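Heads up: the structure comes next, in structure tokens.
The values are calculated or read from the model by the stated rules, or taken from the named source; none is laboratory data. None of the values given here were measured: they were computed from a predicted structure. All Cβ positions, even for glycine, are placed from backbone atoms using ideal geometry, and neighbour counts span all protein chains on display. In case anyone asks, the SASA skips ligands and DNA or RNA and just uses the protein heavy atoms, side chains included. Shrake-Rupley method; radii C 1.70, N 1.55, O 1.52, S 1.80 Å.
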Amino acid sequence: MEKVALVTGSSSGIGFETALALARSNYFTYATMRDINKAKKIIEITQKEKLSLKVIELDVDKEDSIKLAVKKILEQKGRIDVLVNNAGYGLFGCIEDITMDELKAQFETNFFGVFRLIQETAIIMRKQGTGIIVNVSSVAGRIGFPGTPAYISSKFALEGLSECMRYEMSPFGIKTIIIEPGVIKTNFFSSMKVNKGKPDSPYKEITEKVVNGVKMMASMGTPPEEVAKTIIKAIQTEEPLPRYIVGSDASMFLEAKRMKSDIEFENYIKKELFND
Ligand SMILES: NC(=O)c1ccc[n+]([C@@H]2O[C@H](COP(=O)([O-])OP(=O)(O)OC[C@H]3O[C@@H](n4cnc5c(N)ncnc54)[C@H](OP(=O)(O)O)[C@@H]3O)[C@@H](O)[C@H]2O)c1
């Protein structure tokens, strides 16, 4: 039977590469994006390679948009086998500087949108008795550092949710996989939102340092194709692991976290990020 996949945020980066990788691996793939005017490149590749890939609109911030997209897929294919929750962005700025509206918007996309989509698809997968949900988290879902507390909190929330899903949903045949990329060369760094606070903010310098640091690391980042490859490998494994790390930077930080006490790790991060 033809397997059906849904990927969010397929207009660029990890979502773009993952949608193509799924289609190339013979999944009928719904490459969803909030602005279908950005679909030109993926459609060109789809036609050139004769892939089974369709672009449909889906804005994870909008409940109606999620429901409509899932309804369309069910009408056309009658099933969803793989859901890749990828859409997301980064809000940078320290706790005292960012606004509650900015924080809520960050959670709307990176967490509430994911939650809604999981609710809409889990019911389908449960009835099928099979399904895989891939949540694209980040190394920032396991490690806190300054300058981007909103983004980090949203990814920590996603990690917690994913752990709960594994217990609740596996008895119904639904597998949950968390992907933890390090720095990946995508539009993430040009799309990120930055609030440096008021001109006299005492946190201005730290936000600038973090933003400049990640932008610099971005040019040396892992290609998004590597994340896509990891996702394909994970979903094709009989018993996938809870977490897959992508990138040597992510492996290094997470290994240090595993080996060190909380205080040792805090000092290590201060040294690595700020030469403290
Ligand atoms: N790049 C990294 O270093 C890195 C590291 C770890 C984790 N991640 C995670 O990887 C995921 C993908 O990011 P990326 O690196 O591939 O960045 P990207 O190239 O900027 O792609 C982000 C995608 O999310 C979409 N998106 C944003 N808000 C949306 C919404 N409300 N509804 C639907 N789609 C929306 C974007 O659409 P538009 O084109 O319309 O904006 C775009 O397609 C994110 O969850 C990010 O947190 C990235």
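Data overview
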| item | result |
| --- | --- |
| Count of residues meeting criterion [under 15 Å from the mean Cα position of the chain (by Cα) and either surrounded by fewer than 24 Cβ atoms within 10 Å (Cβ to Cβ) or closer than 18 Å to Ser65 by Cβ (or both)] in the stretch 18-33 | 4 |
| Filtered residues of the stretch 217-256 (kept if in a helix (DSSP H, G or I), open to solvent by 70 Å² or more (accessible area, probe 1.4 Å) and more than 13 Å from Lys185 (Cα to Cα)) | Lys229, Lys233, Ser248, Met252, Glu255 |
| Qualifying residue in the stretch 33-48 (condition: of a type in the set (A, V, I, L, M, F, W, C), in contact with a Ser or Thr (Cβ under 6 Å, 6 or more places away or on another chain) and within 16 Å of the ligand (Cβ to nearest atom)) | yes |
| Flag if Glu208 is acidic (Asp, Glu), assigned to a helix (DSSP H, G or I) and open to solvent by less than 80 Å² (accessible area, probe 1.4 Å) | yes |
| Cβ-Cβ under 6 Å pairs, at least 6 apart or on other chains, the stretch 219-245 side away from the ligand (no atom under 12 Å from the Cβ), far side in a loop (DSSP other than H, G, I, E, B) | Ile232/Ser25; Ala234/Pro240 |
| Search result, residues across the stretch 151-192 that are of a type in the set (A, V, I, L, M) and either more than 12 Å from the ligand (Cβ to nearest atom) or touching a Phe, Trp or Tyr at 6+ places or on another chain (Cβ under 8 Å) (or both) | Ile152, Ala157, Leu158, Leu161, Met165, Met169, Ile174, Ile177, Ile178, Ile179, Met192 |
| Qualifying residue in the stretch 73-80 (condition: crowded, with 18+ Cβ neighbours inside 10 Å and closer than 19 Å to Ala228 by Cα) | yes |
| Filtered residue count, the stretch 138-175, keeping only those that are outside any strand (DSSP E or B), open to solvent by less than 10 Å² (accessible area, probe 1.4 Å) and within 18 Å of Leu6 (Cβ to Cβ) | 3 |
